[in-house]
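Encoded as structure tokens, the structure appears first; notes follow it.
The values are calculated or read from the model by the stated rules, or taken from the named source; none is laboratory data. None of these values were measured; they are calculated from a predicted model. Cβ sites come from the backbone with ideal geometry, for glycine too, and all protein chains shown count toward neighbours.
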Amino acid sequence: MNLLDQYLLFRVRSRRDAEAYAKIYDRYVASIYRFVFLKLPSKEQAEDVTSETFLRTWQYLLDQSDVWHVRALLYQVARNLVADFYRKISKEREIPLSVTLFDATTSSLIDRLSDDRRGQTQTEARAEFALVMRSISRLKEDYQDVLLLRYIDGLPFEDIARILNKNVGNVRVLFHRASKALDHLLEKK
Amino acid sequence: MPSLSWKRTLKRMHQTSQHVKVDEAWVGLQRQKLVVHLAKTMPVDPVSAKSSARSYLSQFIPARFAVFLRRPALAMLSIFGVVTGGSVASVSAAERAVPGDLLYPLKIVKEQTSLVFTKSKTDKLKLKTEFVGRRIEEVKALALSDAPQKGERIKETVEVLKRDFDTVKTQLSEVKKEAQPRDIAATAKLIDQKTKEVVKTLKDVKAVVPVEVQTKVVEAQAAAVEISVKAVQALIDVKTASDVHDDVVTNEEIVESVQDKVSGLEQNLSDATQKLVATGLASTSTTSSTAPLLIVNASSSLITASSTVTSTQVSPSVAASTSVDTINSAKLALDQTKQLISEQDLEGLKDKLGQAAQAAVQVENSLVALESAVAANASSTAAALMLTASSTLPALQASGTTSTVPGMTTGTVPLSVSSSTLPVSSVSGSSSAASTTTSTSTFKTP
């Protein structure tokens, strides 16, 4: 685990060092922003969720003793906040739960997908992506999570483990099986 | 669809995220809000030493192994207690360390770490200034203590201090170009305040350190004065910039700061004048109505004895007249500065203050040259001079040789031990005055 993160985390937990936390902010604000940006409909919402993530993580660090891994914690909090956002919307607009979190983030992702450098048109890229996501949605939830966190969010296994509340070994196995399952699904087409 | 291409498709989405630009301004704003929030939500109850030690342990040791540590737990806790410091009320042991202490390197490592991970130039500079403050605290603590080899340690720390000042100088000019006026002003004020403390402490410290260290102290003082002048100049620049809000830096603040420096420089100048007069080589004359000027004393015994000086050496008379000139021009510059203060002419002040500081440095240089000239002169007419010297040169100190009168050596004649704060230019050409140590200090600065 990253030594600097460890040191900063130690300062925050044991000394309530605000400066150390501000440095944690500096280190991860961009990553968290990118993480949530793709999943949310607008820039403003991404900004709000990012700020909220750091505020809540601070509170969590003050209250809880069981934190070893601040980066992973940040992603976990951010992910939960994105989920909260969509839950709130579905409640507010009284959209039935047929519009799942997965669908909402998928459509958001599709909107964000930028042009492929190799000349494939945006439409094609989006269609391809939509297809893959549809197949993924047919997998079980654990598999979905691992694949998306690994490929789209680019997170290391230890972070994924924290987010999914499993241990790293499990996550690797899950990942391997999920990849195979998706291969299977798409081969049939 | 072949198996690999879905991975590519998903990764493409990852690429997209990586190209997302984060709004820098928003990041900065949020950071400020965060800091405010942190201050507001800071819990009131202090962290107990035990729980902080426990969290230190849990942080760095996986839970599984912690079980094995339970038996020697007290030993572990006490070790961590030393490293992380005792209760939250007392300052951590590492932070109290002075050069030569066991934990001092740890303190420096912590400082360097925090410097490396500070992003903005302004923050880096502020942090550096804080560390300068720490160095001077260390010097003060060392001076008061009975630590072994404290002279050496003080010398090294002062050396680091001087280098830090050079860094601060460069960084300040960079910050001036890049940062927001409000940040520049805040940083400049911080620097001004810290250098004031430094100059004061160095002045006190000079009295209690051995002679070789004193030259270094004087050099550091010169660097400090230079930096504080630059800081005020930066403040004036900010003030006179057209689009800056009035409360970023007020006229009063600038005037106060400038006056502070002017009185410091005046003090130095009067000390220098006294010294010069004490040598008998010059005296004050009240020919002008504004202030007594110095003139060379033609009838001084030292000057008549100068016939034996070799051609490579500056004769005392020449050195004396140089000194007189520098002192007079420094005085003039200071008077003009005071005039500009009353006129509240900020632009003019900026330049004049710089000139005055430089003039003060030249005064110091000239006095050093004078001393070496006198010393050189003395060695060649040793006996006769020593007898007359006893009455006319009380200010010069020597690392003694002969009997009753403090003898003068040809080599290093460091400047007097009177408690003046004459800034010495660190590029003083007179090799006889500066102690030419090439000790490689262990305390490196980035």
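Details
- Taking the criterion of being modelled with pLDDT of 85 or more and farther than 16 Å from B:Thr201 by Cβ, the residues of the range B:134-169 that qualify are B:Val168, B:Lys169.
- So B:Ser366, is it closer than 25 Å to B:Val218 by Cβ and among the small types (Gly, Ala, Ser): yes
- Criterion: among the small types (Gly, Ala, Ser), farther than 16 Å from B:His14 by Cβ and within 14 Å of chain B (Cβ to nearest Cβ) - qualifying residue of A:Ser179, A:Ser107: A:Ser107
- Among the residues making up the range B:190-234, those that are surrounded by fewer than 19 Cβ atoms within 10 Å (Cβ to Cβ) and closer than 14 Å to B:Asp260 by Cα are B:Gln193, B:Lys196, B:Glu197, B:Lys200.
- Enumeration of residues in the range B:9-33 that are more than 7 Å from chain A (Cβ to nearest Cβ) and farther than 20 Å from A:Pro156 by Cβ: B:Lys21, B:Asp23, B:Glu24, B:Ala25, B:Gly28, B:Leu29, B:Gln32, B:Lys33
- Residue within the range B:100-109 that is under 27 Å from B:Glu174 (Cβ atoms), within 35 Å of the chain's Cα centre (by Cα) and either within 12 Å of chain A (Cβ to nearest Cβ) or modelled with pLDDT under 75 (or both) present: yes
- Restricting the range A:58-91 to residues that are of a type in the set (Asp, Glu) and assigned to a helix (DSSP H, G or I), the residue that is farthest from A:Arg13 (Cα to Cα) is A:Asp84.
- Taken over the range A:122-149, the residue count meeting the criterion of being within 17 Å of B:Lys11 (Cβ to Cβ), hydrophobic (A, V, I, L, M, F, W, C) and away from chain B (no Cβ under 11 Å) is 1.
- Scoring A:Leu55 on the criteria (1) free of Cβ contacts under 8 Å to residues at least 24 places away in the same chain; (2) farther than 19 Å from A:Asp153 by Cα; (3) out of contact with any His (no Cβ under 7 Å at 6 or more places or on another chain); (4) part of a helix (DSSP H, G or I) leaves a single failure, condition (3).
- Exactly one residue out of A:Ser51, A:Ser14 is modelled with pLDDT of 90 or more, at the interface with chain B (Cβ under 9 Å from one of its Cβ atoms) and farther than 22 Å from A:Val146 by Cα, and it is A:Ser51.
- Residues satisfying the stated conditions in the range A:1-51, i.e. of a type in the set (Ser, Thr, Tyr) and part of a loop (DSSP other than H, G, I, E, B): A:Ser42
- In the range A:150-174, of all residues being in contact (Cβ under 8 Å) with a residue 12 or more places away in the chain and within 11 Å of the chain's Cα centre (by Cα), the one that is nearest to the other protein chains (Cβ to nearest Cβ) corresponds to A:Ile152.
- Which numbered condition A:Trp68 misses (of (1) closer than 19 Å to A:Pro156 by Cβ; (2) at pLDDT 85 or above): (2)
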